[in-house]
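Here the structure is laid out as C-alpha cells; the discussion comes afterwards.
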Amino acid sequence: MNVTGPRRSTTTDDENMAPVELPHVLVTVADDGTLTATVDGTHFEESGASAWTRATFGPLMDAITKDRTIAVRVEVRESDGSVFTDILRTRKPRRAVAPSENSVPETRRSRHARRVPRLAEVTAHGFVPGEDVAVATIVSHTDATGTGEARALIGLDDLPNGTHEVILLGRISGTLAVRRLT
C-alpha cells in the first residue's frame, strides 16, 4: 500500500504555473445592442466617448484580455435571457526558429527539391470583429479582423483528396460561409 501523497513539482517559475482561477468577465447585452462588462464584479469602463456594442465585442475582449495576454472566462447574457459561456485563451507568441548548428550546406539539388506550397485563400464577411473563426475541413483556425472579415490560407496539398469546399464558422456570431476551392 502506498501511503505517500502525489508528487508535487518544486518549480517556482511563474511561466509554467497555470492560474488557479481565471478572471470572470460578465458581458450583459441590452435590448438596443449596447454592452456592459464587469471583470470579477468590477465595472469595465467604455473606450473613449462611445459605448460598447455588438460590433465592438472583439475590441472589448482585446481590451479586457490586454490583446489576449491573459486568459479569461467570458459569460455573455443576452437581453432575451440566453447565456453564452467560453474561455478566451492567451495567444502563444510566435518564436523564430534558430538555425541548426549542424546545418548541412545547401546544394543546387536541394534548392530545386523544395516544394512550393499550393495555397487557396478563402474569404467571407459577417463575422464579429476579433472572434475565432473555424476553418473546416478543420485544418486551422483564424481570427476575424477589425472589420469583421475572416481570411484563411489553406495548403491545398494538405487537404484530403476530393476536398472541394471549405466552411468558415464564426464561434460567436454563428456566421457560416461555405466556399468552393478553385
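Where a number appears in this text, it was derived from the coordinates with a stated rule and is not lab data. No experiment lies behind these values; they were computed from the predicted model shown. Neighbour counts run over all protein chains shown; Cβ positions are idealised from the backbone, glycine included.
Hey, with R₀ at 25 Å, roughly what FRET efficiency would residue 31 and residue 121 work out to, going by the Cβ-Cβ distance, to 0.05? Mind showing how you got there, number by number?
Working: r = 38 Å, r/R0 = 1.54.
Efficiency at R0 = 25 Å is approximately 0.05.
Amide H to amide H under 5 Å from residue 74: which residues, 5+ apart in sequence or cross-chain, H placed 1.01 Å off N in plane?
25, 86, 87, 88
How high is the relative contact order of the stretch 20-88, in percent, with contacts defined as C-alpha pairs under 8 Å that are six or more residues apart?
35 percent
With each pseudo-label sitting 7 Å past Cα toward Cβ, what's the residue 153-residue 66 distance in nm, one decimal?
Placing both labels 7 Å beyond Cα along the Cβ direction yields 3.1 nm.
For the stretch 117-180, what relative contact order do you get, as a whole percent, if you take Cα pairs closer than 8 Å and at least 6 residues apart?
Rounded, it is 38 percent for the stretch 117-180.
With Kirkwood's inverse mean 1/r over C-alpha pairs for Rh, give me the Rg to Rh ratio of the stretch 20-88, two decimals please. Can you show the working numbers first?
On the way: Rg = 11.5 Å, Rh = 12.2 Å.
Rg/Rh: 0.94.
If packing is taken as the average number of other Cβ atoms within 10 Å across a peptide's residues, how do 57-65, 35-43 rank, most packed first? The partial results should precede the final answer.
Details: 57-65: 19.2, 35-43: 13.4.
Most protected by this proxy first, the peptides run 57-65, 35-43.
Hey, can you grab everything whose amide H is under 5 Å from the amide H of residue 152? Only 5+ residues off in sequence or another chain; H modelled, so Pro and N-termini drop out.
Correct list: 122.
Taking a quarter of the surface of the Cα convex hull of the stretch 117-180, what do you get in nm²?
Values: hull surface 15.2 nm².
If I average the Cα hull's projected area over directions, I get 3.8 nm².
Would you please put 141-151, 126-136 in order of how densely packed they are, using the mean number of other Cβ atoms within 10 angstrom per residue and starting with the highest?
126-136, 141-151
For a quick check: with amide H placed at 1.01 Å from N, whose amide H comes under 5 Å from residue 173's, ignoring anything fewer than 5 positions away on the same chain?
Here the answer is 128, since their amide H atoms fall under 5 Å of that of residue 173.
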